[in-house]
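*Asks:* After the structure tokens below, expect a handful of questions from me.
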Number of protein chains: 4
Amino acid sequence: MPSEFSLTRTVEFSETDMAGIMHFSNFFRWMEACEAGFYRSLGLPQISFVPGGVVGWPRIRASCDYKAPLRFNDVIEVKLFIKEVRTKGVVFAFQFRRFTDGKVQPLVLAQGEMVAVFVTTDASGAMVAQPIPAEVRAKLEVAPESAYAP
Amino acid sequence: MPSEFSLTRTVEFSETDMAGIMHFSNFFRWMEACEAGFYRSLGLPQISFVPGGVVGWPRIRASCDYKAPLRFNDVIEVKLFIKEVRTKGVVFAFQFRRFTDGKVQPLVLAQGEMVAVFVTTDASGAMVAQPIPAEVRAKLEVAPESAYAP
Amino acid sequence: MPSEFSLTRTVEFSETDMAGIMHFSNFFRWMEACEAGFYRSLGLPQISFVPGGVVGWPRIRASCDYKAPLRFNDVIEVKLFIKEVRTKGVVFAFQFRRFTDGKVQPLVLAQGEMVAVFVTTDASGAMVAQPIPAEVRAKLEVAPESAYAP
Amino acid sequence: MPSEFSLTRTVEFSETDMAGIMHFSNFFRWMEACEAGFYRSLGLPQISFVPGGVVGWPRIRASCDYKAPLRFNDVIEVKLFIKEVRTKGVVFAFQFRRFTDGKVQPLVLAQGEMVAVFVTTDASGAMVAQPIPAEVRAKLEVAPESAYAP
């Protein structure tokens with residue numbers, strides 16, 4: 001039962017902005033990519049379609065603290081931690097660190113958080129939060145706070 | 001029966017890259033936004049969902065010639081021209097021009113083209129090109145080539 | 001001295017995701033676009049370049065609470081409020097509301113926050129927070145909390 | 001002297017649109033990411049900054065033919081081919097293919113092309129095309145047309 005997952009990723013030219021650094025909105029795309037890798041590693045779908053509806057994990061809250069800029073061609077580790085498993089949702093913490101000479105550096109460049117809720121859509125298309133199915137919950141373990149505390 | 005449509009738009013910070021100009025991929029998002037405005041102006045849906053499927057206009061080709069850079073806070077006119085109406089698709093040409101002192105300047109900063117095909121999805125979810133419905137076709141008029149020729 | 005600013009914007013096809021709603025990362029791009037409009041309205045640059053360096057407002061924190069989805073072609077008001085003016089930074093609150101029949105609806109679809117810090121770059125290219133210049137500060141007024149409290 | 005380069009990449013949730021497929025604009029971001037990997041593999045900078053200016057490879061033309069959709073979590077090979085080396089620019093061809101069971105499938109899902117020009121900026125900030133430096137040119141070899149012909 002993993003409580004952590006990590007992804008290595010290189011900052012792309014299209015992700016930079018005219019200040020010469022990775023645009024702040026892209027950190028959220030990276031967090032989600034890390035979450036997607038985590039679900040793949042568990043053999044769980046992040047989204048699925050049923051007749052007339054969707055089953056998935058929309059976000060109800062996302063935040064990020066930016067401590068140092070990421071630059072083009074930087075190689076970055078994004079690390080996911082399960083902070084909390086609620087009846088109908090999961091809270092993830094994320095940390096961004098730079099690889100230098102093939103080693104992850106200790107400095108946390110950014111620290112994020114996302115709250116995702118398990119939903120199905122009803123007949124009108126509206127999303128309705130649902131208890132996380134037992135077989136999904138069984139695969140989610142909460143990380144110790146010491147693992148991701150800033 | 002319009003053969004042209006235009007949209008005014010300001011270059012956003014998130015659309016720039018570290019070279020200090022609008023990233024080349026965003027011109028395609030702008031062309032599509034202009035196309036969406038065109039469909040709205042005609043009262044036609046750009047995409048619709050039917051039980052088990054989608055009706056829409058995926059692109060089979062897109063291209064853009066970049067002649068001069070767009071910069072943050074530039075106010076730009078994107079102009080759409082219907083270049084060709086085919087049995088199952090439409091070819092659009094697009095031109096990007098800068099507003100200066102509230103007037104569109106003659107210089108074409110970029111010239112694009114998109115070929116969109118009218119499709120429905122079959123039982124397997126695959127997209128199948130369809131003849132453009134008569135009521136849609138009736139609203140599409142081809143622009144004279146002189147209108148958009150570089 | 002304004003403490004609020006608003007922007008009207010239509011959800012684009014490229015901003016949706018396969019769940020059929022605006023992708024959560026795009027709310028941050030919209031907040032920044034609203035902030036850019038605010039600076040333009042004040043005649044203040046959001047970023048400027050000096051020999052060897054940049055003067056600007058990078059974000060040190062951004063967050064968003066998502067309460068209801070935005071969909072393709074929705075017309076949305078993004079409203080900015082100055083929540084706090086610090087010595088070296090500004091805290092903005094943002095609210096997203098839908099236009100229906102040309103009127104902004106009361107329901108807040110999303111509520112965001114951004115903390116931007118005034119910086120210049122030093123000789124090494126590193127960003128260094130600076131006191132907000134007096135002529136900029138003179139144009140910033142804090143909104144009453146009642147204006148944006150959820 | 002390589003004439004080809006390839007990159008493996010997974011379609012992300014944020015890259016899909018409400019039609020359930022990768023948005024057509026993202027193929028251009030992927031082509032550029034592949035080009036960036038190619039330059040890194042050669043030890044050449046894709047962009048560099050000199051006092052008062054930029055040295056880089058802006059695009060003057062980009063195009064893509066879309067033959068089959070890419071979907072969330074698809075694992076894709078993007079392959080770059082040098083199609084032509086001009087005095088002041090390079091023409092790249094790109095092919096997108098799906099990995100299935102760890103093997104690249106023969107079907108080309110999309111075929112793209114980009115023309116990048118070597119530029120420096122002049123005193124006014126305008127980009128001026130320059131002959132490709134000999135040490136860069138020495139690292140670029142043209143691929144046989146048979147390698148990428150559709």
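The values are calculated or read from the model by the stated rules, or taken from the named source; none is laboratory data. Given the structure is predicted, the values throughout are model-derived calculations rather than measurements. Reconstructed Cβ throughout: ideal geometry from the backbone, glycine too, with neighbour counts over all protein chains shown. The protein model used for the area step is the full one, side chains on, heavy atoms only, and it has no ligands, DNA or RNA in it. Shrake-Rupley method; radii C 1.70, N 1.55, O 1.52, S 1.80 Å.
*Asks:* Do you know which residues across region B:3-18 are facing chain A (nearest Cβ under 8 Å) and in contact (Cβ under 8 Å) with a residue 40 or more places away in the chain? Spell out how you get there, then give the answer.
*Replies:* Keep residues of region B:3-18 that are facing chain A (nearest Cβ under 8 Å), which gives B:13-14, B:16-18.
The answer is B:F13, B:T16.
*Asks:* Select, from D:R86, D:R59, the only residue that is within 11 Å of the chain's Cα centre (by Cα) and basic (K, R). I'd like the intermediate steps shown before the answer.
*Replies:* On the way: D:R86 fails: within 11 Å of the chain's Cα centre (by Cα).
Step by step, each of D:R86, D:R59 is checked, and only D:R59 is within 11 Å of the chain's Cα centre (by Cα) and basic (K, R).
*Asks:* Considering only residues of region A:83-112 that are of a type in the set (D, E, K, R) and touching an Asp or Glu at 6+ places or on another chain (Cβ under 9 Å), which is farthest from A:P45 (Cα to Cα)? Break it down into steps so the answer makes sense when it comes.
*Replies:* To start, the set of residues in region A:83-112 that are of a type in the set (D, E, K, R) comprises A:83-84, A:86, A:88, A:97-98, A:101, A:103.
Now narrow it down to the ones that are touching an Asp or Glu at 6+ places or on another chain (Cβ under 9 Å): A:83, A:97-98.
Details: A:K83: 20, A:R97: 27, A:R98: 29 Å.
Among those residues, the one meeting the criterion is A:R98.
*Asks:* Okay, next question. Identify all residues within region C:112-148 that are open to solvent by 50 Å² or more (accessible area, probe 1.4 Å), out of contact with any Ser or Thr (no Cβ under 7 Å at 6 or more places or on another chain) and not basic (K, R); write none if there are none. Don't jump to the end; show me each part of the working.
*Replies:* Step one: filter region C:112-148 for residues open to solvent by 50 Å² or more (accessible area, probe 1.4 Å), giving C:113, C:122-124, C:127-128, C:130-131, C:134-135, C:137-139, C:141-142, C:144-146.
Pick out the ones that are also out of contact with any Ser or Thr (no Cβ under 7 Å at 6 or more places or on another chain) and you get C:122-124, C:134-135, C:137-139, C:144-146.
Within region C:112-148, C:D122, C:A123, C:S124, C:A134, C:E135, C:A138, C:P144, C:E145, C:S146 qualify.
*Asks:* Hey, among A:G125, A:G52, A:G102, which residue is of a type outside the set (S, T, Y) and farther than 26 Å from D:I21 by Cα? Reasoning before the result, please.
*Replies:* Values: A:G125 fails: farther than 26 Å from D:I21 by Cα; A:G52 fails: farther than 26 Å from D:I21 by Cα.
Within the list A:G125, A:G52, A:G102, the selection yields A:G102.
*Asks:* Take the residues in region A:106-142 that are among the small types (G, A, S) and more than 18 Å from A:W57 (Cβ to Cβ); name whichever of them is nearest to the chain's Cα centre (by Cα).
*Replies:* Within region A:106-142, the subset among the small types (G, A, S) is A:110, A:112, A:116, A:123-126, A:129, A:134, A:138.
After this cut, where a residue has to be more than 18 Å from A:W57 (Cβ to Cβ) as well, the list is A:110, A:123-124.
Values: A:A110: 13, A:A123: 29, A:S124: 29 Å.
The extreme case among them is A:A110.
*Asks:* Next question. All but one of (1) under 19 Å from C:T8 (Cβ atoms); (2) open to solvent by 10 Å² or more (accessible area, probe 1.4 Å) hold for C:A93; state the number of the condition that does not hold.
*Replies:* Answer for C:A93: the failing condition is (2).
*Asks:* Within region C:95-134, count every residue that is more than 15 Å from C:V75 (Cβ to Cβ) and not in a strand (DSSP E or B).
*Replies:* Residues in region C:95-134 being more than 15 Å from C:V75 (Cβ to Cβ) and not in a strand (DSSP E or B): 13 in total.
*Asks:* Is it the case that region A:78-86 has a residue that's closer than 30 Å to D:F49 by Cβ, loosely packed, with under 14 Cβ neighbours inside 10 Å and not polar (S, T, N, Q)?
*Replies:* Here is the first cut: in region A:78-86, the ones closer than 30 Å to D:F49 by Cβ are A:78.
The next check asks that each one be loosely packed, with under 14 Cβ neighbours inside 10 Å; those that pass are none.
No, because not a single residue in region A:78-86 is closer than 30 Å to D:F49 by Cβ, loosely packed, with under 14 Cβ neighbours inside 10 Å and not polar (S, T, N, Q).
*Asks:* Output the number of residues of region C:35-72 satisfying the condition of being away from chain A (no Cβ under 14 Å) and open to solvent by less than 50 Å² (accessible area, probe 1.4 Å).
*Replies:* Taking region C:35-72 as the starting set, the residues that turn out to be away from chain A (no Cβ under 14 Å) are C:37-44, C:51.
Adding the requirement that they be open to solvent by less than 50 Å² (accessible area, probe 1.4 Å) leaves C:37-39, C:42, C:44.
Qualifying residue count, region C:35-72: 5.
*Asks:* Please identify the pairs in which a residue from region D:135-150 that is part of a loop (DSSP other than H, G, I, E, B) has its Cβ atom under 7 Å from the Cβ atom of a residue that is among the aromatic types (F, W, Y), counting only partners at least 6 apart or on another chain.
*Replies:* From residues that are part of a loop (DSSP other than H, G, I, E, B), the pairs are D:A143/D:F81.
*Asks:* D:K103 passes all but one of (1) under 14 Å from the mean Cα position of the chain (by Cα); (2) open to solvent by 40 Å² or more (accessible area, probe 1.4 Å); (3) closer than 30 Å to B:A126 by Cβ; which number fails?
*Replies:* (1)
*Asks:* Further question: Can you report the number of residues in region B:1-17 which are modelled with pLDDT under 95 and either open to solvent by less than 10 Å² (accessible area, probe 1.4 Å) or under 20 Å from C:E35 (Cα atoms) (or both)?
*Replies:* Residues that pass the stated criteria total 0.
*Asks:* Of (1) open to solvent by 20 Å² or more (accessible area, probe 1.4 Å); (2) at pLDDT 95 or above; (3) at the interface with chain D (Cβ under 9 Å from one of its Cβ atoms), B:F27 satisfies all except one. Which?
*Replies:* B:F27 satisfies every listed condition except (1).
*Asks:* Only residues that are aliphatic (A, V, I, L, M) and over 18 Å from B:E145 (Cβ atoms): list them for region B:77-91, please. Reasoning before the result, please.
*Replies:* Looking only at region B:77-91, we keep the residues that are aliphatic (A, V, I, L, M), and these are B:78, B:80, B:82, B:85, B:90-91.
Result: B:V78, single match.
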